[in-house]
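First up is the structure itself, then whatever we jot down about it.
The values are calculated or read from the model by the stated rules, or taken from the named source; none is laboratory data. Keep in mind the model is a prediction, meaning the values are calculated, not measured. Ideal geometry is used to build each Cβ from the backbone, glycine not excepted, and the neighbour counts take in all protein chains shown.
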Amino acid sequence: MNIFSQKNDRKRTFLFITIPILALFVCFNTIPLIRGVIYSFTNFRGFGSYDWVGFRNYADLFTDARVGKSYLFTIKLAIVTTIVVNIISLILALGLNSKIRAKGFFRGAYFLPNILGSLVVGYIFNYFFTYIVPALADMVGLQSTSILASPSKAWIGIMIVCSWQAIAMNTIIYISGLQTVPEDVYEAGGLDGATGWKQFRHLTFPLIIPFFSINMVLSVKNFLMVFDQIMALTKGGPAQSTESISYLIYNNGMAGGQFGFQSANAVVFFIVIVAISVAQMKFSGSKEEQL
Amino acid sequence: MKNTTTAVKANKTVMVLLILGLSTIIFPLYMTIIIAFKQPSEMTNNISGILSLPKTWSLDNFREAMEVTDFWRSLKNSLLISVLTVVLSIIIHSLMGYTLGRNKGSKFYNFVYLFIVSGMFVPFAILMMPLAKQTAELGLANWFGVILLYVVFYMPMNVMLYSGYLVNIPLALEEAARVDGASTWRTYWKIIFPIMKPMHATVAVITALAVWNDVMTPLVIMAGSSQNTLPLAQLNFQSQFGTNYNLAFASYLLSLIPILIFYLICQKQILNGVVNGAVK
């Protein structure tokens, strides 16, 4: 009898916890998601009345040059930044994990960029790119215009700022990966003549592949959603050359009267994010199994 | 013997490279500090002028920046939002994580788990426009609405962390309390909640950092409320700084100081929390 009522109490408590929390989640995640999908089939401008337009927004998306450009820019930025960040982070992590003095200090200092707000970091670098870098370039006799003002080079500025902050995060994850590699693996490898690059390629790296996957997933997802850095550095310019997908959706959807059209864009973006995340997890999952 | 000397040499090289590398972090911060203290008349375009220290270490720029951006009000909003989000997250997400982690055998709860965790894939970009409408309709286009949204946004990640951590906590602990006649609710708060302390620290760190530095959510939700968070104030007052970069940099530095202090004090917990959050 007693056990029976306690089981009931347990069940009731679990339901009592789940229902309000689930309701909150549905209210501010599921419902807006559904509403977003619904808006994507309308010509809603963000206010006033609207009509159903079926799949016209989606058809228009694929012919809209500005949208296409923003996807190309965002994907290019995400790929290049992910590669740059992961190479530098791995090298830095190997350095920070070697037998050095003041290890704690170095790790703490190298992580610093990650805790700073990316909008303010963006504003600070904006000034550097606009005034200090050209002054330095001028001194050594190079051309002295801001890279942010050039449609073909502005993305490099954004890549640098994204990297500056992301390297801190990825490095710390690689360090925690390197710490899981036991010392005797290196000793055994050393006997077989595995040192330097060989040691890294055949011993260290295979052992930290799970951490490599975490960093890949984190990097790609974060860079695809880049927003603050664009806001602070270029506002999508010059000549719309640095409009990220998130920035375009915000800019044209919230203020530009394209609520319905940008909703369709957001739905496509959502599908792209899910597809990439699932593909990455499948890929890294199969890699880990091979080991 | 020869081996150890080459190892020492290698470590010295690593040390030198690491110190050189640090300049990429220290240089921008150094520039930020000196520009924030300088006067517009000290801003010259030659390299020695750019790098030199300010003539006087006056706090005038900071005083003016505080006035222009309404610093204390923005700071108060940022603190309020961050602290309440962290407290609510620890309470709500740990309860949810506990419930879902202890009902792995139930189809219903497994569905709820997958349902919530899959929320991780939903980019803010798709929720942004409907949420701006919805919060306005519900009268939540303010700091309170922003907190509610954060509790929902960080739920997938935190619930996953908590229910994962629960695997390490033996059921026997709860059963012992149950034999003593304690209810599930009481057992949770008396036994499970305190045991999950390491996970609370992780959740607090990653949630606090994400919330403190977030621009997009307050930008979209609080746009009409004439309230700012610290990062949002930088965005909204950007035009008022004009070409007075010294004033702007004083404001940037002010907005970075709270998190820098936090980092100096809790560096170890922050590093641990960030790693745990990402790796678990």
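Numbers at a glance
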{"quantity": "Pairs, first closer than 21 Å to B:Pro123 by Cβ in segment B:148-175, second of a type in the set (D, E, K, R), C-beta under 6 Å, six or more apart", "calculated": "B:Leu161/B:Lys280"}
{"quantity": "Which listed residue, of A:Thr145, A:Thr180, A:Thr204, is modelled with pLDDT of 80 or more, in contact with a Phe, Trp or Tyr (Cβ under 9 Å, 6 or more places away or on another chain) and part of a loop (DSSP other than H, G, I, E, B)", "calculated": "A:Thr180"}
{"quantity": "Identity of the residue in segment B:25-66, out of contact with any helix residue (DSSP H, G or I) (no Cβ under 7 Å at 6 or more places or on another chain) and charged (D, E, K, R), that ends up farthest from A:Pro134 (Cα to Cα)", "calculated": "B:Arg63"}
{"quantity": "Contacts under 6 angstrom Cβ, first residue in segment B:96-109 being in the same structural domain as B:Asn168 (by TED's automatic domain parsing) and on the phi < 0 side of the Ramachandran plot, partner aromatic (Phe, Trp, Tyr) and assigned to a helix (DSSP H, G or I), 6 or more apart", "calculated": "B:Gly97/B:Tyr162; B:Thr99/A:Phe14; B:Leu100/B:Tyr109; B:Leu100/B:Tyr113; B:Asn103/B:Tyr109"}
{"quantity": "Residue in segment A:90-106 that is of a type outside the set (A, V, I, L, M), more than 30 Å from B:Trp185 (Cβ to Cβ), more than 9 Å from chain B (Cβ to nearest Cβ) and in a loop (DSSP other than H, G, I, E, B) present", "calculated": "no"}
{"quantity": "Residues located in segment A:82-101, provided they are surrounded by fewer than 14 Cβ atoms within 10 Å (Cβ to Cβ) and over 19 Å from the mean Cα position of the chain (by Cα)", "calculated": "A:Lys99, A:Arg101"}
{"quantity": "A:Lys235 vs. criteria assigned to a loop (DSSP other than H, G, I, E, B) and within 12 Å of chain B (Cβ to nearest Cβ)", "calculated": "yes"}
{"quantity": "Which numbered condition A:Arg10 misses (of (1) of a type in the set (Lys, Arg); (2) more than 30 Å from A:Asn265 (Cβ to Cβ); (3) more than 8 Å from chain B (Cβ to nearest Cβ))", "calculated": "(3)"}
{"quantity": "Looking only at segment A:39-55, and only at residues there that are without any contact (Cβ under 8 Å) to a residue 12 or more places away in the chain and not hydroxyl-bearing (Ser, Thr, Tyr), the one that is nearest to the other protein chains (Cβ to nearest Cβ)", "calculated": "A:Phe47"}
{"quantity": "Subset of segment B:8-65 that is outside any helix (DSSP H, G or I) and facing chain A (nearest Cβ under 10 Å) - its residue that is modelled with the highest pLDDT", "calculated": "B:Met43"}
{"quantity": "Number of the exception - A:Phe73 against (1) part of a loop (DSSP other than H, G, I, E, B); (2) in contact (Cβ under 8 Å) with a residue 24 or more places away in the chain", "calculated": "(1)"}
{"quantity": "Yes/no for B:Asn103 being in a helix (DSSP H, G or I), at pLDDT 90 or above and among the polar types (S, T, N, Q)", "calculated": "no"}
{"quantity": "Hey, B:Pro218 in a helix (DSSP H, G or I), in the same structural domain as B:Thr99 (by TED's automatic domain parsing), out of contact with any Asp or Glu (no Cβ under 8 Å at 6 or more places or on another chain) and surrounded by fewer than 18 Cβ atoms within 10 Å (Cβ to Cβ) or not", "calculated": "no"}
{"quantity": "In segment A:118-152, the residues that are more than 7 Å from every other protein chain (Cβ to nearest Cβ), of a type outside the set (Phe, Trp, Tyr) and touching a residue at least 60 places away in the same chain (Cβ under 8 Å)", "calculated": "A:Val121, A:Gly122, A:Asn126, A:Leu148, A:Ala149, A:Ser150, A:Pro151, A:Ser152"}
{"quantity": "Test: residue in segment B:262-273 that is of a type in the set (Lys, Arg) and either within 22 Å of the chain's Cα centre (by Cα) or at positive phi (or both)", "calculated": "yes"}
{"quantity": "Check on A:Ile79, surrounded by fewer than 22 Cβ atoms within 10 Å (Cβ to Cβ), part of a helix (DSSP H, G or I), within 14 Å of chain B (Cβ to nearest Cβ) and not basic (Lys, Arg)", "calculated": "no"}
{"quantity": "Residue identified as surrounded by fewer than 19 Cβ atoms within 10 Å (Cβ to Cβ) and under 24 Å from A:Ile273 (Cα atoms) among B:Leu114, B:Leu53", "calculated": "B:Leu114"}
{"quantity": "Which numbered condition A:Leu96 misses (of (1) touching a helix residue (DSSP H, G or I) at 6+ places or on another chain (Cβ under 7 Å); (2) on the phi > 0 side of the Ramachandran plot)", "calculated": "(2)"}
